[in-house]
Amino acid sequence: MSYEQRLTQLGLNLPSAPKPVATYVPFVRVGDLLFLSGVVPIRDGKITHQGKLGGDFTKEIGYEATKITLLNALANVRLALGSLDRVKQVVKLTGYVASEKGFVEQPFVINGASDLLVEIFGDVGRHARVAVGVAELPLGVPVELELIVEVYPASV
């Protein structure tokens, strides 16, 4: 089953690829690696969550916000490659979590993205990862993700 079909089977729809909010591009391809710029929880051009984990949100709400954020990242992958089926391996996920002092559940929050990557891509979705707590994120969002993905050449 293709990854595009797997998305449908899971009842997931990728949003339109989010537009950059500053002076950067959403992705850069170098050889067989695709580097994604940071993405945040946006749906239909609107921020879905604003605030910090451990204060404004529980870790469970953060987990769900991270899933929305990952779908935006995958929309950029599709924009770059034409199809998720060109993904050879998810290499690395970096997750930033806007955290109140004392909040230490960043790994749980970023599991929203990690778990979904494995649901969609199976073993190809298993990746190296960093989950970091930060004081603030752009636009007041609670999570931001960046990905590095290895891709198949266009002829595959």
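Within the range 132-156, the set of residues being within 12 Å of the chain's Cα centre (by Cα) and either at positive phi or among the aliphatic types (A, V, I, L, M) (or both) comprises 143, 145, 147, 148, 149. Among the residues of the range 22-46, those that are part of a loop (DSSP other than H, G, I, E, B) and exposed (fewer than 12 other Cβ atoms within 10 Å of the Cβ) comprise 22, 23, 24, 25, 31, 44, 45. Residues in the range 112-156 that are outside any strand (DSSP E or B), surrounded by 13 or more Cβ atoms within 10 Å (Cβ to Cβ) and hydrophobic (A, V, I, L, M, F, W, C): 113, 116, 117, 118, 120, 121, 124, 137, 141. Counting residues in the range 77-94 that are modelled with pLDDT under 95, under 22 Å from residue 4 (Cα atoms) and among the charged types (D, E, K, R) gives zero. Out of the residues in the range 22-54 meeting the condition of being of a type in the set (Val, Ile, Thr) and out of contact with any strand residue (DSSP E or B) (no Cβ under 9 Å at 6 or more places or on another chain), tell me which one is nearest to residue 113 (Cα to Cα). Of everything passing the filter in the range 22-54, 42 is nearest to residue 113 (Cα to Cα). Looking across the range 73-109 at every residue that is under 21 Å from residue 33 (Cβ atoms) and among the β-branched types (Val, Ile, Thr), the one that is surrounded by the most Cβ atoms within 10 Å (Cβ to Cβ) is identified as 90. Here residue 83 fulfils each of the conditions (1) under 30 Å from residue 153 (Cα atoms); (2) under 11 Å from the mean Cα position of the chain (by Cα) apart from (2). Scanning the range 2-17 for residues that are of a type outside the set (A, V, I, L, M, F, W, C) and on the phi < 0 side of the Ramachandran plot yields 2, 3, 4, 5, 6, 8, 9, 13, 15, 16.
The values are calculated or read from the model by the stated rules, or taken from the named source; none is laboratory data. All of these numbers come straight from a predicted model, not from anything done at the bench. No Cβ is skipped: glycine too gets one built from the backbone with ideal geometry, and neighbour counts run over all protein chains shown.
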